[in-house]
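The structure under discussion appears below in the form of structure tokens.
Nothing in this text is a laboratory measurement; each read-out follows from the coordinates by a stated rule. Predicted model, so just to flag it, every value in this text is computed and none were measured. Methodologically, a virtual Cβ is constructed for each residue, glycine included, from the backbone with ideal geometry; neighbour enumeration extends over all protein chains shown.
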Amino acid sequence: MYRTILIILALLLQLQARPAGQDSLSRRLKQLEQEVALLKARQEENELQKLRQEAARVAEQKESPSEESKVFKSGQRSLQAINPEISFTGDSYGLIVPGNDGGEDLKSGFAYRVLGLHVQSGLDPFSLVKVALEFRPDEGVELGEVYVTWADLAPGLSLTAGKFRQQFGLLNRWHVHSLDQYAFPLALTTLLGEEGLNQSGISLDWTTAAPWADANNLTLQFTNGSNRQLFAGDDFSFPAILARLGNYYDLNENTYFELGLTGMAGGNAAHGSLGRGEQLTLLAGLDLTLAWEPVNRARYSGFVWRSELFYVDRNDAAERIRALGGYSYVQYRLSERWQTGLRFDITQPFQAANSGDYQYQWVPYLTWWQSHWARFRLEYATGGAKNMTGPPSLLRLQLTWAIGPHKHERY
């Protein structure tokens, strides 16, 4: 290309210049070639210098820390986050009492047991609130639970404050509509009261790994002794103290075992003062669960064995009541929708001088899940007693349904 330019320039010079010799033209061409080569060298040097400067600038930017862009937040929650999660649960049944031996309280027919309203919402990134209201045809509206939970106060540590079903063993914590059978076992309702332990206070839960188990859970609860059967029955009283240690073991990839120990103490005198030893109620519990849930088949097959033992020692100025009771049941999942099981209950009555007295009950049942939202259960309960009246024989067909995000939630 440069040679072409030189030839053109030479022709132009030849046309404009006066006639000269061949030697003069050759010298002029060489001079022009030298000037073009010098210009080319300078241009290349300038381009190289620019590349060096650009590389130095980029390297300097990488070494110097870049300023982070600031994001401004109002601290307000969006409308969707403010809306709570609301669920309804319904529990109805048809009852047959053979021989009408259930007395005035139990008669054959249809009944609606409870309509539950469950509300849950995150207050902020640090806490969660839950509310459970129960609507019963014969008792009206009852506040089941209302509490706030703060999670991750420390690794594995959470705090709950409010009114809640206490972690005495396993089943006492569950809602009635989520039980594996129609009702709580005889020992629980006889020794802990018809509604079980449901009191106001605080609960600390700490989950951690330990050398003797795959996981451990320690629960400490301090509540008012509002349970009239066991404690003072006051909304404000000397607190009842509960401690439970749960030990979880993975036996293999399909089977786990859980063992729990529970102890509880509280005053039973008027105004809830602890006072002397004869004003103290002591409780103890032992629970165990063995479950087999095959990997990738747990929806279609599974087995659980669950048992609990309760002991109550209530000593006040008038009398001393000591009672022992428990239950055990096995349940097998036949398919995705069908489950069957059998529960055995036995308990002493909650009264003084009950040595040798007891009630027992057998409860076989069959459960069919129409879907995740509707469940039918056919259950038969029959039993007997020694030195006291035995529980009546009952045949129930139960329907429980749920709408909302928390379907048949345990608690």
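Here are a few things to note about the model shown:
- The stretch between Phe88 and Tyr249 holds 54.5 nm of extra length on full extension. This uses 0.36 nm per residue minus the Cα-Cα distance.
- Estimated FRET transfer efficiency when R0 is 41 angstrom, pair Leu220-Val58 (beta carbons, to 0.05): 0.10
- Taking 0.36 nm per residue of sequence separation and removing the Cα-Cα distance, the Trp174/Glu336 pair yields an extension gain of 56.0 nm.
- Chain lengthening between Tyr300 and Ile96 when straightened (0.36 nm per residue, less Cα-Cα): 70.3 nm
- Euclidean distance of C-alpha centroids, the stretch 223-243 and the stretch 108-137, integer Å: 24
- For GluC sites (Glu not before Pro), the sites in the stretch 208-310 that DSSP calls loop and that have at most 10 other Cβ atoms within 10 Å are Glu253.
- Pair Leu378, Trp212: separation of 7 Å Cα→Cβ label points (nm): 4.6
- Cβ-derived FRET efficiency at R0 41 Å, Asp152 paired with Phe236, nearest 0.05: 0.85
- For the pair Leu261 and Ser121, a Förster radius of 60 Å applied to the C-beta separation gives a FRET efficiency near 0.95, rounded to the nearest 0.05.
- Reciprocal of mean inverse Cα separation for the stretch 151-213 (Kirkwood radius, Å): 13.6
- Shape of the stretch 164-266, Cα gyration tensor, a/c cut at 1.5: oblate
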